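A short write-up of the structure that comes next.
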Amino acid sequence: MPAKALIIVDMLNDFIDKNGALYCGDTVLPIVPFIQQRLKSFRDRSDLVIHLQDSHDEDDKEFEKFPKHSVTGSWGSEIIKGLAPLPGETVLPKKRFSGFFRTGLEDVLASAGVEEAEVVGVCTSICVMDTVGGLVNRDYKVNVPIKGVADFDPEAHQFSLKRMEKIYGANIS
């Protein structure tokens, strides 16, 4: 059976908690229990679990486009308690939208023999979509469950789901 990975994108206090710097709004809370179920399923099968963690420098250029968020070592950059990584699970800090930009994700997937990835998290139109694009460009089979992704922009969320399906060929379920 081909190796599978669950990639959890930016489920961090700054995006998920109402007091976070870039709170994704009320659409984000319902994805948490769904991701918890998927996480349990992947753990039960001993499949690879990867947590991507937005982790910015104090003066990151991204703050020219978005409010200051997920500064390395801050409360906002911490993975929410309900999805905390277990010992042995991979946590990859990232400084850009794509989970592949200087993170080692490509090597982690290759060394585990992964052929298929499920991607969940936030924000659908930014980090989720850019990471899915990176997976597809590396010939991974990709599944994005609608119940497992959210965005602070409902129109961008819908557009991103369509784009990932029609252009990238990801399975949107």
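Net charge in the neighbourhood of GLU62 (other residues with Cβ under 12 Å of its Cβ; Lys, Arg +1, Asp, Glu -1) is 0. The length gained on full extension between ARG43 and ASN137, counted as 0.36 nm times the residue separation minus their Cα-Cα distance, comes to 31.2 nm. Its residue count N sets the reference 2.2 N^0.38 Å, and the alpha-carbon radius of gyration of region 1-52 equals 1.30 times that reference.
Which of the trypsin sites (Lys or Arg not before Pro) found in region 39-85 are loop residues per DSSP with 13 or fewer other Cβ atoms within 10 Å of their Cβ? Of the trypsin sites (Lys or Arg not before Pro), the ones in loops of region 39-85 whose Cβ has at most 13 other Cβ atoms within 10 Å are ARG45, LYS65.
Taking region 7-151 as the region of interest, the number of lysine pairs whose Cα atoms are within less than 23 Å, with members eight or more places apart or on different chains, is 20.
Look at the dipole of the chain built from charges on Cβ: of TRP75, CYS24, ALA112, the Cα furthest out on the positive end belongs to ALA112. Each Lys and Arg Cβ is given +1 and each Asp and Glu Cβ -1; about its Cα centre, the chain then shows a dipole of about 440 debye. With contributions of -39500 (n - 2.57) from each DSSP H run of at least four residues, the per-residue ellipticity at 222 nm computed over the chain stands at -8000 deg cm²/dmol.
Computed from the alpha carbon atoms alone, the convex hull of region 77-173 holds 107 Å³ per residue. Placing R0 at 25 angstrom, the Cβ-Cβ distance between GLU78 and GLU155 gives a FRET efficiency of 0.30 after rounding to 0.05.
Between LYS68 and LYS147, the modelled labels are 3.9 nm apart [label points 7 Å from Cα along Cα→Cβ]. By the Kirkwood approach, averaging reciprocal distances over each pair of separate Cα atoms, the chain gets a hydrodynamic radius of 15.8 Å.
For the options SER98, SER74, SER111, a Gaussian network treatment of the chain with springs between C-alpha atoms closer than 10 Å singles out SER111 as fluctuating the most.
Computed from the coordinates by the stated procedures, all read-outs in this text should not be read as laboratory data. As the structure is a prediction and not an experimental result, all values here were calculated from the model. Using ideal geometry, Cβ is built from the backbone for each residue, glycine included, and neighbour counts are taken over all protein chains shown.
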